[in-house]
Amino acid sequence: MATVDDRSKKKTVLNLVAGAILLIALTGFFVFAFARLRYNWEWDRLWEYRNAVLKGWGLTVLISICALVLSVVLGFLLVVAQRCGIAVIRIASKTYVEAIRGTPLLVQILIAYYVVAPVFLFNNKTFVGILALALFSAAYLAEIFRGGIDSVAKTQVDAARAVGFVPHQIYRYVIIPQAMRRVLPGVAGELVNLIKNSSLLMVIGVEEFTHSTYGFFSATYKGFEGFLIMGVGYLLLTLPVTYLTYYLEKKFRYES
């Protein structure tokens, strides 16, 4: 009889085979499509701009990492504020979340750089961009965290109180372990969106990956090479987040 580990390994192999088949099929389709278009590839032109493109990609990596960490911290603080016993703090945090989620990120970036930053005499585009991204994603993460916490059955909380757990112990040993497993897919999706949303910072002149690639477009009028590089570049950033989430889901999985 096959063990659980054997079934897991078999499933992993099947997933890898299916992924490889899909990749080959997609590659064949695009090769056929571009052959029909008879597009004249000029990768040597992109190679001439490699330093600018790589510099932009590196800046996107830095922006993404900083914004990811900051958004998770702010999202957690917003959840704490929404559960605060002080009504003013609770209402303010809820209002902030709804205001941020109800307005476009592009508008928030423009307001942050052209309205808020000058008030504080601050004009560092990269820092303002990181802060705008983090504040935007924090509102969504706060709702994801809140949903995960609220999904824990009240009977488990009551049982923890019955055995003498104080509030911080209830959160540490009962609520957070269960909520963490449940919010991982939503958190991963939001963090991936954050990485892709970093491309909007080009509107305030941040020379990130998209901005530097558009510079290549303007100089050479060669679009497909740049778009393909952009796709691969963002995949290299988003896939690690996705697979880290899969790993954590398996790590925290248990029979309910």
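What follows is calculated from the coordinates using simple rules that are stated; it is not laboratory data. Note that the structure is a prediction, hence the values are computed from the model and not measured. Here Cβ is always computed from backbone atoms with ideal geometry, including for glycine, and neighbour counts include all displayed protein chains.
The order of the peptides 110-119, 73-82 by mean Cβ neighbours within 10 Å, most packed first, is 73-82, 110-119. In the range 1-105, the ratio of gyration radius to Kirkwood radius, Rg to Rh, stands at 1.22 when only Cα atoms are counted. Look at 65, 109 and count the other Cβ atoms within 10 Å of each Cβ; fewest to most, that gives 65, 109. Of 16, 200, 184, the residue with the greatest mean-square motion in the GNM of the chain, using alpha carbon springs below 10 Å, is 16. What is the list of residues in the range 47-90 whose amide nitrogen lies under 19 Å from a point 7 angstrom out from the Cα of residue 193, following Cα to Cβ? Zone members listed by number: 64-79. In a DSSP loop and with at most 16 other Cβ atoms within 10 Å, the GluC sites (Glu not before Pro) in the range 27-136 are 42.
Exposure proxy ranking for 250, 55, based on other Cβ atoms within 10 angstrom of each Cβ and starting from the fewest, stands as 250, 55. Residue order for 211, 168, fewest other beta carbons within 10 angstrom first, comes to 168, 211. Helices of the chain meeting both criteria, an alpha-carbon length of 24 angstrom or more along the long axis and an average Kyte-Doolittle score not below -1.0, with helices taken as full DSSP H segments, are 4-37, 50-82, 125-150, 176-197, 223-251.
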